[in-house]
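Here's the structure we're looking at; comments come further down.
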Amino acid sequence: MQPVWDWFRWLNQATGINLTIFYDAFDRTRFASGFWMTVKLSVICIVLSILIGILGAWAQGSRHRILRGAMHWYIQAFRNTPPLVQLYFFYFGLGSLITGVTGPLVTNVGWAIVSLSFFAGAFNVEIFRAGIEAVPRTTIEAAASLGFSRWQTYRQIVFPLAFRISLPALNNNLINLVKTTTLAYAIAVPEMLYVSSQIWSDELNVPVMMNVLLLCYFLLVGIVVWMMSRWERAVRVPGFGV
Amino acid sequence: MTDSIDPIVEVRDVHLSFGTTEVLSGVSFDVRKGGVVCIIGPSGAGKSTLLRCINGLVPINQGTIRVARFQVNALKTDAEKIALRKEVSMVFQQYNLFPHKTALENVMMAPIHVLREDPKEVRERAVALMAKVGLQTKQDAYPGELSGGQQQRVAIARSLAMRPEVMLFDEVTAALDPETVKEVLNAIKELAREGMTCILVTHEMRFARELAHEVIFTDGGKIVESAPPAELFDHPKQERTKAFLSQVL
Amino acid sequence: MNVLLPINLPKPAASAPWRLEVSHGVILAGLFVVGCGLAQAQVVPGQPSVLDTIAKWTPVLAKGFVFNLAISFVAMTIGTMAGFFLGAAQISLLAPVRGGAWLTMNFFRNAPWLVLLFYCMFLIPFQVTIFGKTIPIPDWTKATLGLALPVMANVAEVVRGAIQSIPTTQWEAASSLAFNRRQALWMIIIPQCIKRMLPPWMNLYAILTMSTVLASIVGVDEMMTQTQRALSAEARPGLLLAFYSYVLLWFFAYCYPIARWTVRLEARYAVRQ
């Protein structure tokens, strides 16, 4: 790999494009750790927000008015307030309340995961809810007529169909989630943007680092899009216009 | 119509209103085991609603419905209704197959998950049922790849897989073109000849004449006239029946 | 479908439309009071109460909020205008124009808003000289431009979608009346698009308003920075929860009505296929 790094050193000397993240070992490890932190945040938040979405969509269809009302307010609260302020609320606000004997119980990374998962989860609840409501009532009637219980109907028939219907909107939301992980910068989580800002203040190569950053986010978003389209193709039902 | 043997379906003085609209106003009739009853009448007369009351999908306001040993109007919990639906199966106008499962899987699903039968046995039975409705080559096709008539036959096979006592057919040929209507009616004819108790809401008058033991004409939520087909179609007693028949025949 | 069921079935309660009512405001205020109560519980006697502190800082925060709104208006205007052209460029008959527009749109759509903000803050010069006059570009202008970029990309997507949803028969009618392509687009097609673009556009505005707080991270003086100044001036940990809840409430009170209005407009202008 050393020749590759040396080429970048030459690139800097020849053209002034200073990509220290390649030829400088310290910057290289810093940037890699930032990249992996972004990936980690994205993956964990995607999984958690989908879980929140599934549970929330189930709760929104429940027969209990209080549960339905609570879900409605959760969604409206998280959709109509800035995610950055939500992050501050969790980290500074709740974080200052939940302090253990030897310092804070939840790290800034932890609060970032909590905040972003609830933020994306609120959108997912609506997306899954729309998918569930798009399953024709008559299909559910047919299942009931065959003797399926409510839970069986949800698990065997409603959810598989609702999920397929929701995939495009879910795809969109997950891409937004990957982009929103940059907000963790504000609470000093060492994700890609934070690490890059440290690098460019040290090395004074702001434009280059900015472009690298943008390219990396394209890469991540591109990977998510690719995986989602693979998934969509895998669960596609022939003849069903979904 | 009533026999010395207890009828398998007994509907007595059923009233049902949605809000202020009265859909069923005092409907009563019996169906004996192995009987084929066709319900005809203008749209909006509450015929489909009546079928849905018989299998417990829609609760009634007044009256009683008995199917085999179940008092349908008294069923409260989901578990009780599920027990009822193991005896009564319904086939819908829009087939309502599960689009994400193949035809064979559609037929197999309910016996496996609801009746908890052995999947291997269920599969054998499902394959036989698919052959019975003439679709043995379409087992692995998804509903989206099948024509309307084929989907409807899969729906019939799916209902048969539950080995019901009574089958309800809700205008099952209304969404099909004339050629495919024949396919489906032939399948139902087979069932009737084998002794299945069938209650059909239908517009197919020739079918009713050929197969029904009793034809019931409803209008405005009430039974206007009920008689064996030869009598009802050729010598209707009520004016409204005459008016309706002159329009559709 | 169910031909025989009567048409006027009563709707189940779960799908009744939610309207903004006084009860919502009461619930919000209630949550705020609970939050303050929690904070008040941490107050040492002798210090002013939480509500007093918040009331003291409210004028400053309000001015900050107004500045957020100003940024949102300017960014939305610039972004919308640019977005229209970018969206129209995507259906251009010239392949390079189409390709370039598509690339630009996806470039700004797939980039995180905060990164674009940093981009503009660092790379736009702090002053520019045109025709001998030196115009300083303050931080908030750079931030506004930084926010206008993703708005432009999203508006372009909305415009493109709306234009493509107008049936081709409209284009045919226009050309048979001797309109050239540009006239057909701007005089016939786009006016029809406005209605169906309104809900997603309003949704975008709500997202933009909430994103204006990002400007605090890059050093622009708006409501968030004022809040952080207030908190460090007061230096009481108990106030963190109350102040951040307060800020959330301000944004909620502004964005929630927009969201409800958008839902109503969506229902009215739903594209009937």
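The values are calculated or read from the model by the stated rules, or taken from the named source; none is laboratory data. Remember, it's a predicted structure, so these values are computed and weren't measured experimentally. Positions of Cβ are generated from backbone atoms using ideal geometry, with glycine treated the same way; all protein chains shown enter the neighbour counts.
Values for this structure:
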item: Test: residue in the range A:147-163 that is over 23 Å from residue C:107 (Cα atoms), within 20 Å of the chain's Cα centre (by Cα) and basic (Lys, Arg); result: no
item: Residue list for the range B:156-171, restricted to those being of a type outside the set (A, V, I, L, M) and touching a residue at least 60 places away in the same chain (Cβ under 8 Å); result: B:158, B:159, B:164, B:165, B:169, B:170, B:171
item: Counted residues, the range B:218-244 - those being more than 21 Å from residue B:29 (Cα to Cα) and in contact (Cβ under 8 Å) with a residue 40 or more places away in the chain; result: 0
item: Checking residue C:198 against (1) at the interface with another protein chain (Cβ under 10 Å from one of its Cβ atoms); (2) touching a residue at least 24 places away in the same chain (Cβ under 8 Å), the condition it does not meet; result: (1)
item: Subset tally (residues that are in a loop (DSSP other than H, G, I, E, B) and within 14 Å of chain A (Cβ to nearest Cβ)) for the range B:158-189; result: 9
item: Helices (runs of 4 or more DSSP H) completely within the range A:1-88 that count 3 or more residues being modelled with pLDDT of 85 or more and either touching a Ser or Thr at 6+ places or on another chain (Cβ under 9 Å) or surrounded by 20 or more Cβ atoms within 10 Å (Cβ to Cβ) (or both); result: A:25-60, A:65-79, A:83-88
item: Whichever residue in the range C:74-133 is loosely packed, with under 13 Cβ neighbours inside 10 Å and of a type in the set (S, T, N, Q) and, among such residues, is farthest from the other protein chains (Cβ to nearest Cβ); result: C:129
item: Residue check, residue B:133 within 14 Å of chain A (Cβ to nearest Cβ), closer than 27 Å to residue B:208 by Cα, of a type outside the set (Phe, Trp, Tyr) and in contact (Cβ under 8 Å) with a residue 12 or more places away in the chain; result: no
item: Pick from the range A:89-114, criterion at pLDDT 90 or above and β-branched (Val, Ile, Thr), ranking: nearest to residue C:235 (Cα to Cα); result: A:109
item: Any chance residue A:128 is surrounded by fewer than 23 Cβ atoms within 10 Å (Cβ to Cβ) and either among the charged types (D, E, K, R) or away from chain B (no Cβ under 14 Å) (or both); result: no
item: Residue list for the range B:134-185, filter: out of contact with any Ser or Thr (no Cβ under 8 Å at 6 or more places or on another chain), β-branched (Val, Ile, Thr) and under 14 Å from residue B:89 (Cβ atoms); result: B:154, B:156
item: Subset of the range A:47-98 that is hydroxyl-bearing (Ser, Thr, Tyr) and touching a residue at least 24 places away in the same chain (Cβ under 8 Å) - its residue that is farthest from residue A:169 (Cα to Cα); result: A:91
item: Per-region count, the range B:136-153, residues within 14 Å of chain A (Cβ to nearest Cβ) and outside any loop (DSSP other than H, G, I, E, B); result: 8
item: Every pair of residues 6+ apart whose Cβ atoms lie under 8 Å, when the first sits in the range C:117-130 and is touching a residue at least 12 places away in the same chain (Cβ under 8 Å) and at negative phi while the second is surrounded by 12 or more Cβ atoms within 10 Å (Cβ to Cβ) and among the acidic types (Asp, Glu); result: C:121/C:139
item: Hey, residue B:77 modelled with pLDDT of 90 or more, out of contact with any Ser or Thr (no Cβ under 6 Å at 6 or more places or on another chain) and over 29 Å from residue B:135 (Cβ atoms) or not; result: no
item: Test result for residue A:106, away from chain C (no Cβ under 13 Å), outside any helix (DSSP H, G or I), closer than 26 Å to residue A:190 by Cα and of a type in the set (A, V, I, L, M); result: yes
item: Selection count where residues are away from chain B (no Cβ under 14 Å) and touching a helix residue (DSSP H, G or I) at 6+ places or on another chain (Cβ under 9 Å), scope the range A:224-242; result: 5
item: Unique residue being more than 14 Å from chain B (Cβ to nearest Cβ), among the aromatic types (Phe, Trp, Tyr), on the phi < 0 side of the Ramachandran plot and in contact (Cβ under 8 Å) with a residue 24 or more places away in the chain when the list is A:194, A:154; result: A:194
item: Test: residue in the range A:138-146 that is over 30 Å from residue B:54 (Cβ atoms), free of Cβ contacts under 8 Å to residues at least 12 places away in the same chain and not aliphatic (A, V, I, L, M); result: no
item: Within the range B:41-114, helices (runs of 4 or more DSSP H) holding 1 or more residues that are under 16 Å from the mean Cα position of the chain (by Cα); result: B:47-54, B:78-85
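Results for (1) of a type outside the set (Phe, Trp, Tyr); (2) surrounded by fewer than 17 Cβ atoms within 10 Å (Cβ to Cβ); (3) within 16 Å of residue A:149 (Cβ to Cβ), shown as yes or no for each residue.
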site	(1), (2), (3)
B:85	yes, no, yes
B:93	yes, no, no
B:109	yes, no, yes
B:127	yes, yes, no
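Residue-by-condition table, conditions (1) surrounded by fewer than 18 Cβ atoms within 10 Å (Cβ to Cβ); (2) of a type in the set (Gly, Ala, Ser); (3) assigned to a helix (DSSP H, G or I); (4) within 10 Å of another protein chain (Cβ to nearest Cβ):
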{"position": "C:191", "(1), (2), (3), (4)": "yes, no, yes, no"}
{"position": "C:209", "(1), (2), (3), (4)": "no, no, yes, yes"}
{"position": "C:226", "(1), (2), (3), (4)": "no, no, yes, no"}
{"position": "C:232", "(1), (2), (3), (4)": "yes, yes, yes, no"}
{"position": "C:239", "(1), (2), (3), (4)": "no, no, yes, yes"}
{"position": "C:252", "(1), (2), (3), (4)": "no, no, yes, yes"}
{"position": "C:257", "(1), (2), (3), (4)": "yes, no, yes, yes"}
{"position": "C:267", "(1), (2), (3), (4)": "yes, yes, yes, no"}
